[in-house]
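The values are calculated or read from the model by the stated rules, or taken from the named source; none is laboratory data. Values in this document were obtained by computation on a predicted structure and should not be read as measured data. In this analysis, Cβ positions are derived from the backbone assuming ideal geometry, glycine residues included, and neighbour counts consider all displayed protein chains.
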Amino acid sequence: MLETIGQALRATGIELLDLCFPPTCAACREPRSSSGGPFCLSCARALEPVPPGCQRCGLPGPDRMCGACRTSPPAFDALHAAGLFGGPLADAIHAFKYQDRPALARTLGAWLADQVGIPVGAAIVSVPLGSHRRRARGYDQAALLARALARCARGRLRRRWLRRVRETAPQVGKSREERARNVTGAFQASADVAGMDLVLVDDVVTTGATVRACAEALKSAGARSVTVVSLARAE
């Protein structure tokens, strides 16, 4: 009975907030429905799903296993992204990361959980942001996404199970090989991951170098499996 009353009060509170402060689209900031996800109808229609491709790393393409995964399989077991990087999704991620909009984590995280499916009670870790960039930005966007996912899946967010032990330069503008070298040895996992099935959260996967390095650290510490989930996958 008390739980039902509490749910009704929360729903009423959300309706009142929507009347006073209508929710806006994560991409274009136009008004949107509070129950329609992070995007307005126009932007939602412009989102592109990730095309079929590699069953290991999610790279779009004609092959069920891409050349990179055949020659050098990643430490993670699978990768699932909510959409293809570009258009409104790229705009929303850019706003989330670079335009001081950490509150977008809640709606983007709920949308991600809905798109990729997170096992109930999952143990969740995030790609840790370097301390210099975290101080400059004021928040760690992947950690905020992971918290939202944990809330949606009634999972367990494990903040200290994966940490960055070396500062790295930004990956933007680097080649695949440069990205891989940049993050080699940059992460360390706690012994607490031994025997665990983990969900590793990041905002965007491009070449996959960062999540590969994180998964290698987690597997080296004894994790049984690592599934990567991200808002977007680049082609």
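All of Ala186, Ala191, Ala150 fail the test of being out of contact with any Lys or Arg (no Cβ under 7 Å at 6 or more places or on another chain) and not aromatic (Phe, Trp, Tyr), apart from Ala191.
Considering Ala90, Ala103, Ala136, Ala95, the condition of being surrounded by fewer than 18 Cβ atoms within 10 Å (Cβ to Cβ) and at pLDDT 95 or above is satisfied by Ala90 alone. Of Thr184, Thr168, Thr207, all but one fail to be closer than 25 Å to Gly83 by Cα and assigned by TED's automatic domain parsing to the domain that holds Ala81; the exception is Thr207.
All told, Val165 falls short of being touching a Phe, Trp or Tyr at 6+ places or on another chain (Cβ under 9 Å), β-branched (Val, Ile, Thr), more than 20 Å from Gln115 (Cβ to Cβ) and at pLDDT 95 or above.
Being exposed (fewer than 12 other Cβ atoms within 10 Å of the Cβ) and under 21 Å from Ala223 (Cα atoms) is the filter here, so list the residues in region 167-193 that pass it. Residue satisfying the conditions is Ala191 alone. Those strands (runs of 3 or more DSSP E) of region 86-194 in which at least 1 residues are under 14 Å from the mean Cα position of the chain (by Cα) and not hydroxyl-bearing (Ser, Thr, Tyr), considering only elements entirely within it, cover 123-126.
Hey, any hits in region 68-83 for a residue that's assigned by TED's automatic domain parsing to the domain that holds Gly195, surrounded by fewer than 22 Cβ atoms within 10 Å (Cβ to Cβ), farther than 17 Å from Cys214 by Cβ and within 13 Å of the chain's Cα centre (by Cα)? There is at least one residue in region 68-83 that is assigned by TED's automatic domain parsing to the domain that holds Gly195, surrounded by fewer than 22 Cβ atoms within 10 Å (Cβ to Cβ), farther than 17 Å from Cys214 by Cβ and within 13 Å of the chain's Cα centre (by Cα). Can you pull out every residue in region 53-79 that is over 15 Å from Thr227 (Cα atoms) and either in contact with a helix residue (DSSP H, G or I) (Cβ under 6 Å, 6 or more places away or on another chain) or basic (Lys, Arg) (or both)? Arg64, Arg70 - these are the residues of region 53-79 that are over 15 Å from Thr227 (Cα atoms) and either in contact with a helix residue (DSSP H, G or I) (Cβ under 6 Å, 6 or more places away or on another chain) or basic (Lys, Arg) (or both).
For residues that are of a type in the set (Ser, Thr, Tyr) and closer than 30 Å to Gly37 by Cβ, scanning just region 195-235, find the one that is farthest from the chain's Cα centre (by Cα).
Pass one, region 195-235, residues of a type in the set (Ser, Thr, Tyr): 206-207, 210, 220, 225, 227, 230.
Narrowing further to those that are closer than 30 Å to Gly37 by Cβ: 206-207, 210, 225, 227, 230.
Working: Thr206: 12, Thr207: 15, Thr210: 13, Ser225: 17, Thr227: 11, Ser230: 4 Å.
Residue satisfying both the conditions and the ranking: Ser225.
Only residues that are under 15 Å from Ile93 (Cα atoms) and of a type in the set (S, T, N, Q) were counted across region 35-61, and they come to 0.
Applying the set (1) at pLDDT 90 or above; (2) surrounded by 13 or more Cβ atoms within 10 Å (Cβ to Cβ); (3) outside any loop (DSSP other than H, G, I, E, B); (4) not aliphatic (A, V, I, L, M) to Asp18 leaves exactly one unmet item: (1).
Among the criteria (1) aliphatic (A, V, I, L, M); (2) exposed (fewer than 14 other Cβ atoms within 10 Å of the Cβ); (3) farther than 16 Å from Val201 by Cα, the one Val120 does not fulfil is (3).
Checking the structure you have, find out if any residue of region 36-52 is among the β-branched types (Val, Ile, Thr) and within 12 Å of the chain's Cα centre (by Cα). No, there is no match, as no residue in region 36-52 is among the β-branched types (Val, Ile, Thr) and within 12 Å of the chain's Cα centre (by Cα). Residues in region 44-68 that are among the hydrophobic types (A, V, I, L, M, F, W, C), part of a loop (DSSP other than H, G, I, E, B) and touching a residue at least 12 places away in the same chain (Cβ under 8 Å): Leu47, Val50, Cys54, Cys57, Leu59, Cys66.
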